[in-house]
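One structure below.
The values are calculated or read from the model by the stated rules, or taken from the named source; none is laboratory data. Predicted, not measured: the structure shown is a model, and the values here were computed from it. So basically every Cβ, Gly included, is an ideal-geometry build from the backbone, and we count neighbours across all protein chains shown.
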Amino acid sequence: MPAIKRTFTNSFSFRGAWAFFFAVLIVGSYLWGNVTNPFFWFDAAGQLFMALGMDPCGPPFAEIGSFWNSLKLNLGGNMDPGMFTILVRYWAFISTHPAWLRILPLLFLLAALVLIFRLTIKATNDLFLSAVLAFFPLTNPLIAQWGLSLRGYAMEMCGAVLASLLCYEPEVLKDKRRLIGAVLLLGFFAGSRYSFLLVIFSLGAALAITRFEELRLKISKRMIAFGSLALLPIAIPLSMHAQTKVTYISRFVLAGKTPRGFFDIVLANLSRPEVLLQIVFVLVYSALLKGDPIKRRHQTFLYFLIFVNIAFIAVSIIGVYPWVLDERYTISLNIVSYVAAASAVSIIASKLEPRKALSAGGYAALCAIQALAVSNFKLDTYTNTYDSLEWAKSEGLLENRVSFLSRGAQIDARYLFEHGYLKGKWPEFYPGGFIANNSDQAPDAKTLSGIDHAFIATADYKMLAYFKQHPDFEPLKEYNHLRIFKRKRH
C-alpha cells in the first residue's frame, strides 16, 4: 500500500483542531435560542410538576411532594416507566429555570453523539470524519426537537446508540464484569420509555444469532437472573400501565386500519430519510466479500437493525405501539438509522485507503453546510399560552374578568407563573383571575356562567369542540396551538 504523504492538512493535530472547532460550532448552532426558550408545553411542564410530587392540575403554589408521590403521579399521568421522572426530580431541586431543565435531556443527547463518535473513530481513525458523522443526527428536526424535550426521549436515544455500540464490542461478552455493567446500563435506559424494551429484545436476538457461542460460554443462570433483576424496576409500572388504554396513538398504529390507511402509514414511513440511511448501510454491507473481517465486524449490527425494525412493525400491527418515523414515538429507531449511516461511511472509508485529505477549504465547507442545517432548527414548544395571555392583557381582557383555561393551557400557565417567565408578575391574574379545568369534561353551568373568555389548547380537542359549538361563545383569536373564545353579547 503506498505511503500517505504527511502534510499539515492531513495531520492528526489539524484534523483534531477542525473536529473541535466543528463540535463547538454545531453544538452552539443547535443550542442558540433553543436551550434558553422560556416556554414549556403542558407535556413537559406536567413532567416537571409530577417529578416534584405535585399534581400538574393541582392548586397553585403547592408544596413539593414526596418521592413516592412523584412515582404515584408518574403511574397516573405518564405512560413511561418513571426513571426520567426520578432524574428530573433531583435535577429540578437545583433549579427550575428552563435552560437548566433542558440541559438534562441535552446531556443524554450529547452522550449519544459521543458514542457515535467513538464507534466511527475506532473504524476510521479520522477525527474530523468521525465528528461530522457524530453530529449528523442533529440535522434531523425530529431528533433535534425531542433531544431538548423534558421527557425521556433523549434518554431513550442514548440507550439505543449504546445498544448499537454493543453490537461492535464483542469483548464485552468475554468479560463478566463488563457484561454485567452493560446489562445494568441497559436496565437503566429501559427506565426511559417502554419502547426501549424493543431495542433490548432486538439486541438480544442479534447477539443470540451472531455471538451464540461466546454468550453460551459466559452467561450462567445466575447472570440471567441478575439481568432480569435489572429490569424489575420497570416491570412494576409496565404491569400497571399495560391495563391503560391509550387512545392518542391509535391513528399511528397499523392495527384496525383500512387497506388505504394501512398503505398510507407504510408509505409515510418508507419515504423517510432514515429508511434511506438504513438501505445504504445494507447495500454497502452486502457489497463486502464473504469472509471479509469488516463484514464480520458489522454482522451483529445488521441483525440488530433488522430486528428493531421488525419489532416496531410487529407491535404496530397488533395495535400495541406506533410505527411512525415522522413522530417521536419511534425515536430510538430514528437515531439507530444514523448509526447505520455512520457504519456505512466507515466501511466505505476503510476501502478507500490511502485516503487523500480534504483541503482546509473542504473542511470549512463541510462545517458550514452542516452548521447551516443545524442552525435552521428552531425549537417548537407546542404552546401559545404566553402569547395569548400577553395579547389578552394588552387588550385589557384580563382586567376584572374571569378567564377559563383548558387543562393543557392551565399546566402551561402554571409553569409560567410559578417557575418561568411570568414568575412574580401579573398578580391580578394568577392565581385568582382564572378558572382551570382539570379534565376533558365540560364545565358545569354555574362555572360557565361566570366565564368571560376561554383559552383552549388545541391538544384539548374535546374542550375545543365544546366551545366551538357552544351558542354563548364565539372565536376571538387563533394561534397554532391555542384558541381564544369570548362570550357573545346579547
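Just one of (1) in contact (Cβ under 8 Å) with a residue 60 or more places away in the chain; (2) under 15 Å from LEU52 (Cβ atoms) fails for GLY77. It is (1). Any residue that is farther than 16 Å from GLY420 by Cβ, part of a helix (DSSP H, G or I) and small (Gly, Ala, Ser) - is there at least one of those in the range 55-75? Yes; the residues of the range 55-75 include at least one that is farther than 16 Å from GLY420 by Cβ, part of a helix (DSSP H, G or I) and small (Gly, Ala, Ser). A single entry from ASN37, ASN69 fulfils the requirement of being surrounded by 14 or more Cβ atoms within 10 Å (Cβ to Cβ) and farther than 22 Å from ALA409 by Cα: ASN69. Quick check, is PRO293 assigned by TED's automatic domain parsing to the domain that holds LEU166 and buried (at least 17 other Cβ atoms within 10 Å of the Cβ)? So PRO293 fails the test. Residues in the range 424-442 that are part of a loop (DSSP other than H, G, I, E, B) and either among the aromatic types (Phe, Trp, Tyr) or buried (at least 18 other Cβ atoms within 10 Å of the Cβ) (or both): TRP426, PHE429, TYR430, ASN437.
Scanning the range 122-139 turns up no residue that is modelled with pLDDT of 95 or more and surrounded by fewer than 24 Cβ atoms within 10 Å (Cβ to Cβ).
Apart from one condition, PHE14 fits all of (1) more than 28 Å from ALA371 (Cβ to Cβ); (2) at pLDDT below 90; the exception is (1).
Might you check whether a residue that is among the aromatic types (Phe, Trp, Tyr), in a helix (DSSP H, G or I) and either closer than 19 Å to CYS158 by Cα or at pLDDT 95 or above (or both) occurs anywhere in the range 282-300? Scanning the range 282-300 turns up no residue that is among the aromatic types (Phe, Trp, Tyr), in a helix (DSSP H, G or I) and either closer than 19 Å to CYS158 by Cα or at pLDDT 95 or above (or both). When SER250, SER192, SER239, SER220 are screened for being modelled with pLDDT of 90 or more, hydroxyl-bearing (Ser, Thr, Tyr) and out of contact with any His (no Cβ under 6 Å at 6 or more places or on another chain), only SER192 passes.
Would you pick out the residues in the range 449-485 that are surrounded by 13 or more Cβ atoms within 10 Å (Cβ to Cβ), over 22 Å from GLY77 (Cβ atoms) and touching a residue at least 40 places away in the same chain (Cβ under 8 Å)? Across the range 449-485, the qualifying residues are ILE451, ASP452, HIS453, ALA454, LYS477, TYR479, ILE484. Going through (1) within 19 Å of the chain's Cα centre (by Cα); (2) outside the structural domain of ARG297 (by TED's automatic domain parsing) one by one, CYS57 falls short only on (1).
The set of residues from the range 383-403 being outside any helix (DSSP H, G or I), crowded, with 21+ Cβ neighbours inside 10 Å and touching a Gly at 6+ places or on another chain (Cβ under 9 Å) comprises THR383, LEU398, SER403. Could you please let me know if TYR321 is surrounded by 15 or more Cβ atoms within 10 Å (Cβ to Cβ), not in a loop (DSSP other than H, G, I, E, B) and not basic (Lys, Arg)? The answer is no for TYR321.
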